[in-house]
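Visitor: The following block contains the structure, expressed as structure tokens.
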Amino acid sequence: MVTRGFSGRKPPTDTDARIPPGQYLEQGFPVLSAGPTPRVRTEEWSFTLKHGPRPVKTWNWKEFNALPLTKMTRDIHCVTAWTKFDTAWQGVLVDDILADAGIEPLSPFTLALSFDGYTTNVPTKDLTTGKAMVALLYEGKPITPDHGGPARLLVPHLYFWKSAKWLNGLQFTERDEPGFWELRGYHIYGDPWREQRYTGDP
Amino acid sequence: MSDGPAAQSPWQTVTITRIEKRTPRVTSFFLRPSRPFAYRAGQHVDVRLTAPDGYQARRSYSIASAPESGETIELAIERLDDGEVSPFFHEVAAVGDEVELRGPLGGHFVWSDSDGGPLLLVGGGSGVVPLMAMIRHRAALKSAVPMALVFSARVWNEVIFRDELIDFHDRRDGFDLVLTLTREPARRPADHSRRVDAAMMAQSIVRLPAPLRFAFVCGSNAFVSAAAEALINAGVPAGLIRTERYGV
């Protein structure tokens, strides 16, 4: 349905192919969260890999930072319709976390766990083979608390609510268990290129 | 808290039935859906505009009307100078026009009378919009849930819904309005003339007749960060605070 009198402000055509349907290009970096920003001190920080309720391995901040660091520069897409190009992160690939724990993926699904109780579910295969990391740096600097520091998940090929802020663990689950926003009307998978925003989107 | 999923909702055409200027920068658009829908106070909708060449823009807007308000919903839209959708509404949209809308959306920043209280609402600028839906919901039901709104605006003339809010306050039925103006002196006895801070939060909380059940904070990112920190410094547990942010 054409809207009378609306012409819009189209992005330059050379970037069209990088902007998923329904998204607009954002130069800033909006902050979205369901509650106050937790202040997580690195002295208190820990990260635990779990199989169901059972902890497999836990790292403190120093141990985690000793894992191999990888750079990842990616476009990110928020379900609230902004897309930001070329965000530059450094962190530990999920592959390298699993390797350090000496395990292969333990189940087909993973739940990301955060210090503030936030959770989000991701199929395990979307986290491995270089697709995702636990990011520690943004643009070369420690990630600010508003953007999920000290450590956040980065799953750039899915809507950004999957990239859980203030991450403190990954939990292997047998079933695809909906997380915080998935229980509140958002899509169980969240592929921006298929516009999987809300429950029931194809 | 009934924190359930948002209902599945496809796009539908809505008609603009009324336009009402609220402040120099904020105008309310009353929309009549072709398929009326039930919503909860605090929820939002997505609006989609389509250019003749097929280009589309979508934005989320909070619903300002109470769930009890009948078959039209009110969106109070702030004009953003570098915006793409809000300038269309402010400069082009007219009564009788149709736009596409999807909703209701959002299952976290919501409150129903049955969720109880007391509630502290903290709004900055157009961040008051989803809070207004909660305040109007309370009024529509003649609810006894104690509710306080701390509303920060730059100046008196930018206090969105000002007369209606003062009217609710003057009923003395458990709704308490505190305005704080950041660029003008306060005009009412209990109002302030500064940015929100922990003392202001504590003062509003202490006037509630029972311990706080929830705090809802909405506004720009900077405002929400400052207000949430003020609430925590005033002793409100982080788990009671729900936030909604916009802007960068």
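Any read-out appearing in this document is the output of simple, stated calculations on the displayed coordinates, not a laboratory observation. Computed from a prediction, not measured in an experiment: that's the story for all the values here. Here the Cβ positions follow ideal geometry from the backbone for every residue, glycine too, while neighbour counts run over all protein chains shown.
Visitor: Which order results if A:7, B:69 are arranged by neighbouring Cβ count within 10 Å, fewest first?
Guide: A:7, B:69
Visitor: Still on this structure, I have one more. Listed here are the pairs A:62/A:141; A:50/A:162; A:131/A:162; A:10/B:21; A:57/A:141; A:62/A:125; which of them are more than 21 Å apart at the Cα? Before the final figure, lay out each step's value.
Guide: Working: A:62/A:141 17 Å; A:50/A:162 18 Å; A:131/A:162 13 Å; A:10/B:21 28 Å; A:57/A:141 27 Å; A:62/A:125 27 Å.
Listed pairs above 21 Å: A:10/B:21; A:57/A:141; A:62/A:125.
Visitor: What residue among B:182, B:50, B:15 has the largest mean-square fluctuation in a Gaussian network model of chain B, using Cα springs under 10 Å?
Guide: Maximum fluctuation in the GNM of chain B, among the listed residues, is at B:50.
Visitor: Please report the antiparallel percentage of DSSP beta bridges with both residues in chain A, rounded to the nearest 5.
Guide: So the antiparallel bridges in chain A amount to around 85 percent.
Visitor: Using alpha-carbon positions, what is the distance between the centroids of segment B:120-198 and segment A:161-190, in Å?
Guide: Cα centroid of segment B:120-198 versus Cα centroid of segment A:161-190: 35 Å apart.
Visitor: Let me ask another. Using a 10 angstrom cutoff on alpha carbons, build the Gaussian network for chain A and name the most mobile of A:32, A:170, A:127.
Guide: A:32
Visitor: Then there's this: What number do you get for chain B when its Cα radius of gyration is normalised by 2.2 N^0.38 Å, N = residues?
Guide: Working: Rg = 17.6 Å, N = 248, 2.2 N^0.38 = 17.9 Å.
Compared with the compact-globule rule of thumb, chain B sits at 0.99.
Visitor: For residue B:20 and residue B:155, what does the FRET efficiency come to when R0 = 22 Å and r is the distance between their Cβ atoms, rounded to the nearest 0.05?
Guide: The value I calculate is 0.65.
Visitor: Please figure out what share of the DSSP beta bridges in segment A:69-129 is antiparallel and state it in percent, rounded to the nearest 5.
Guide: Counting only bridges with both partners in segment A:69-129, antiparallel ones make up about 100 percent.
Visitor: If you average 1/r over all unlike Cα pairs in the protein assembly as shown and invert the result, what Kirkwood radius do you get in angstrom?
Guide: It is 23.0 Å.
Visitor: Here is a follow-up. Hand me the GluC sites (Glu not before Pro) from segment A:1-104 located in a DSSP loop with no more than 12 other Cβ atoms within 10 Å, in residue order please.
Guide: On the way: sites: A:26, A:43, A:44, A:63; in loops: A:26, A:43, A:44.
Counting only loop positions with at most 12 other Cβ atoms within 10 Å, the GluC sites (Glu not before Pro) in segment A:1-104 are A:43, A:44.
Visitor: For segment A:41-133, which trypsin sites (Lys or Arg not before Pro) are in a loop by DSSP, counting at most 16 other Cβ atoms within 10 Å?
Guide: A:41
Visitor: Using the number of other C-beta atoms within 10 angstrom as an exposure proxy, rank B:111, A:61 with the fewest first.
Guide: A:61, B:111
Visitor: Give, rounded to the nearest 20 debye, the magnitude of the charge dipole that chain B has about its Cα centre when Lys and Arg contribute +1 at Cβ and Asp and Glu contribute -1 at Cβ. Don't skip to the end; give the middle numbers.
Guide: Values: 28 positive and 29 negative charges, 94 e Å.
The dipole of chain B has a size of about 460 debye.
Visitor: Within a Cβ distance under 10 Å of residue B:140, other residues only, what is the Lys/Arg minus Asp/Glu net charge? Before the final figure, lay out each step's value.
Guide: On the way: positive: B:136, B:138, B:142; negative: B:68, B:113.
Counting the neighbours of residue B:140, the net charge comes to +1.
Visitor: Follow-up. Can you tell me which of B:229, B:164, B:98 moves the most in a GNM of chain B? Springs connect C-alpha atoms under 10 Å apart.
Guide: Result: B:164 has the largest fluctuation of those listed.
Visitor: Would you tally the net charge around residue B:105, using a Cβ to Cβ cut-off of less than 9 Å, leaving residue B:105 out, and scoring K and R as +1, D and E as -1? Kindly include the intermediate steps, with their values, before the conclusion.
Guide: Values: positive: A:197, B:102; negative: B:46.
Net charge around residue B:105: +1.
Visitor: Which GluC sites (Glu not before Pro) in segment A:108-202 pass both tests, a DSSP loop state and at most 13 other beta-carbon atoms within 10 Å?
Guide: Sparse-neighbourhood loop GluC sites (Glu not before Pro): A:139, A:174.
Visitor: Label segment A:1-110 by shape, choosing from rounded, prolate and oblate, from the square roots a ≥ b ≥ c of the eigenvalues of the Cα gyration tensor; if a/c is under 1.5 it is rounded, and otherwise prolate applies when a/b is larger than b/c, oblate when it is not.
Guide: It is prolate, given that a/c is not under 1.5 and a/b is the larger ratio.
Visitor: If you don't mind, there's one more thing I want to ask. Starting from 0.36 nm per residue, how many nanometres of slack lie between residue B:80 and residue B:142 once their C-alpha separation is accounted for?
Guide: Details: separation 62, 0.36 × 62 = 22.32 nm, distance 3.52 nm.
Using 0.36 nm per residue and subtracting the Cα-Cα distance, I get 18.8 nm.
Visitor: Here's something else I'd like to know. Which FRET efficiency value, to the nearest 0.05, do you get for residue A:7 and residue A:191 by plugging their Cβ-Cβ distance into 1/(1 + (r/R0)^6) with R0 = 30 Å?
Guide: Given R0 = 30 Å and the Cβ-Cβ separation, E is 0.55.
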